[in-house]
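Since the structure comes first, as structure tokens, the remarks are kept for the end.
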Amino acid sequence: MNPTPASNPFAAPVAAPKKKKSKLKWIIIGSTVFVVLLGVGAYFKNKNSDPAQPVTTEKAVVRTITQLVTATGKVQPEIEVKISPEVAGEIIELPLKEGAPVKKGELLVKIKPDTYQAQVEQQEANLVAAKAGAVLAKSQLMKARDDFKRAEDLFGKNLISDSDYAAAKTNQEVAEANSDSALAQIRRTEGALSQAHDLLNKTTIYAPMDGSISALGSEVGERVVGTGSFAGTEIMRVADLSNMEMRVKVNENDIVNVKLGDHATITIDAFPGRKISGKVYEISSSAITAGATTAGSNQALTTDEVANFLVKIRIADRDVILRPGMSGVADIETQTAKDVIAIPVQSVTVRLGGKTTEELQQQKAKEAREKSGNELDVASEREDARRNKDKLDHVVFIKKGGVVEQRKVETGIADNTYIEVKKGVKADEEVVSGSYAAISRKLKDGSKVSIEHKKKDDEKK
């Protein structure tokens with residue numbers, strides 16, 4: 001009888017079963033695969049889902065909004081007279097310098113009068129000769145009348161012939177004509193003499209008003225040109241610098257809002273930070289047009305006329321010294337709305353059929369690629385732009401929890417910071433105010449958002 005392995009100390013050890021070890025191995029592998037699959041699924045889920053868009057928000061508030069029309073221009077005197085001569089010649093007297101005060105009737109310019117004095121003397125001599133000729137013509141007329149009266153008596157007695165009678169009558173008529181011509185020559189010469197005196201007087205120019213010499217463009221010894229038909233050489237300008245105005249050019253889209261009496265706040269470049277008050281007192285009826293060259297979609301250069309209207313603003317502040325030609329900016333207050341719901345101007349954007357600006361640009365680019373083989377019709381493109389403009393909706397985005405709600409609004413007037421909302425937004429609602437890229441191109445109804453924290457530098461400010 002053979003001994004059993006258990007009883008035999010020299011027998012080889014028996015191997016452990018492999019069933020339990022294989023089962024544990026498969027459990028570990030399965031768990032690992034499951035964790036990997038969960039990670040991959042979560043990754044693709046996060047990748048496919050829209051990320052939260054960082055935005056800034058502000059609450060709609062009730063406030064007063066004043067609509068402004070901003071325009072640039074220059075300071076000019078309300079009254080400024082250009083001094084130009086009506087006669088030509090050399091300047092021999094120019095007693096005042098630029099900036100000097102002047103009183104009405106004070107001597108401004110004197111032009112060398114020698115030529116015009118000679119013309120006066122010549123016309124005076126012509127007048128003496130004309131008057132002498134008139135005396136001679138009058139004497140001849142009196143003799144011709146006596147001769148005709150004598151011939152008429154003799155002709156009635158049949159003592160002279162018909163030809164002698166006709167000759168006497170003709171001599172009288174000729175004498176009357178000569179007398180009339182001599183009298184007309186006197187009047188003509190008197191007119192020429194008066195004109196010569198007038199030209200002589202115009203060699204001296206006096207101040208037409210109280211004011212100051214605002215500009216001086218000539219010096220003593222220079223020759224100037226002047227006639228009565230057109231403006232001559234501009235010698236100087238006399239202006240009333242105590243009454244100044246701001247002349248600005250307002251675009252045709254804004255001029256409809258500007259009216260007489262509107263208050264304006266003026267900022268002069270030479271006085272930064274200082275606000276000067278003024279009032280609109282004159283608006284031009286005709287536009288000032290200027291050409292603007294633009295490139296169309298077919299790269300052809302086209303010229304469009306930019307229409308502006310001249311608006312004059314009377315400056316009320318007299319304690320600031322302004323000089324003609326100073327540049328500045330005028331903010332004209334055209335309308336005021338009190339206690340209205342207001343939101344930041346940048347919060348309002350436009351949508352066409354619910355599409356963002358970015359989607360519209362992509363659609364337009366696609367259409368352009370499809371038409372790349374054909375010549376683009378610029379007029380048709382402009383007509384499409386006008387048609388689409390009527391379809392654009394003004395919208396804002398209201399933050400509701402972690403998403404935004406796109407809401408159509410009706411807006412009113414606006415200032416440089418806030419815009420009035422007539423319909424669509426209530427007070428204290430949280431409106432998305434930034435960023436510009438998010439509002440104009442990225443956000444849609446239901447988009448996820450997160451509040452973008454301001455930088456430390458902004459918070460310090």
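Coordinate-derived values only; no laboratory data. Keep in mind it's a predicted model, so treat the numbers as computed, not measured. Note that we place each Cβ from the backbone using ideal geometry, even for glycine, and neighbour counts take in every protein chain shown.
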Highest mean first, what order results for 434-443, 185-194, 340-349 on Cβ atoms within 10 Å?
-> 340-349, 434-443, 185-194
Cβ charges +1 (Lys, Arg) and -1 (Asp, Glu), total dipole of the range 239-336, debye = 280 debye
Using the structure shown, list the pairs from LYS279/LYS422; LYS249/LYS423; LYS104/LYS202; LYS103/LYS259; LYS97/LYS275; LYS82/LYS110 with a Cα-Cα distance above 25 Å, or answer none.
-> LYS279/LYS422; LYS249/LYS423; LYS103/LYS259; LYS97/LYS275
Cα centre as origin, Lys/Arg/Asp/Glu Cβ charges: the range 114-201 dipole, Debye = 280 debye
Span from the the range 105-121 Cα centroid across to the the range 235-252 one, whole angstrom | 32 Å
Enumerate the residues in the range 199-237 having an amide nitrogen under 12 Å from the point lying 7 Å beyond the Cα of ILE79 toward its Cβ.
-> 208-212
Pair LYS259, LYS275: separation of 7 Å Cα→Cβ label points (nm) = 2.3 nm
Whole number please: convex hull volume per residue, Cα atoms of the range 106-182, in Å³.
-> 96 Å³
With charges set only on the Cβ (+1 for Lys and Arg, -1 for Asp and Glu), what does the dipole of the range 159-243 come to about its Cα centre, in debye to the nearest 20?
-> 240 debye
Subset of LYS131/LYS169; LYS59/LYS338; LYS338/LYS448 violating a 29 Å alpha-carbon distance limit = LYS338/LYS448
Pop a pseudo-label 7 angstrom from the Cα along the beta-carbon direction at both GLN117 and GLU58 and give the gap in nm to one decimal.
-> 7.6 nm
Residues other than VAL396 with Cβ under 12 Å of its Cβ, Lys/Arg counted +1 and Asp/Glu -1, net out at -1
How high is the relative contact order of the range 67-116, given as a whole-number percent (alpha carbon pairs under 8 Å, six or more residues apart)?
-> 36 percent
Taking the mean number of other Cβ atoms within 10 Å as a proxy for protection, how do you rank 93-101, 127-135 from highest to lowest?
-> 127-135, 93-101
Scattering profile of the range 148-210 from the Debye formula, Cα beads only, expressed as log10 I(q)/I(0) at q = 0.18, 0.25 Å⁻¹, is -0.76, -0.96
Simple spin-label estimate for ARG145 and ALA316 in nanometres, 7 Å along Cα-Cβ = 7.7 nm
Whole-number percent relative contact order across the range 239-336, with pairs defined as alpha carbons under 8 Å at least 6 apart | 40 percent
Taking every eigenvalue of the Cα gyration tensor of the range 239-336, multiplying by 5 and rooting it, what semi-axes result, largest first, whole Å?
-> 30, 16, 13
Within the under-10-Å Cβ sphere about ILE332, not counting ILE332, Lys/Arg +1 and Asp/Glu -1 give a net charge of -2
When the label point is put 7 Å from the Cα of SER284 along its Cα-to-beta-carbon vector, which residues of the range 58-86 have a backbone N closer than 14 Å?
-> 72-74
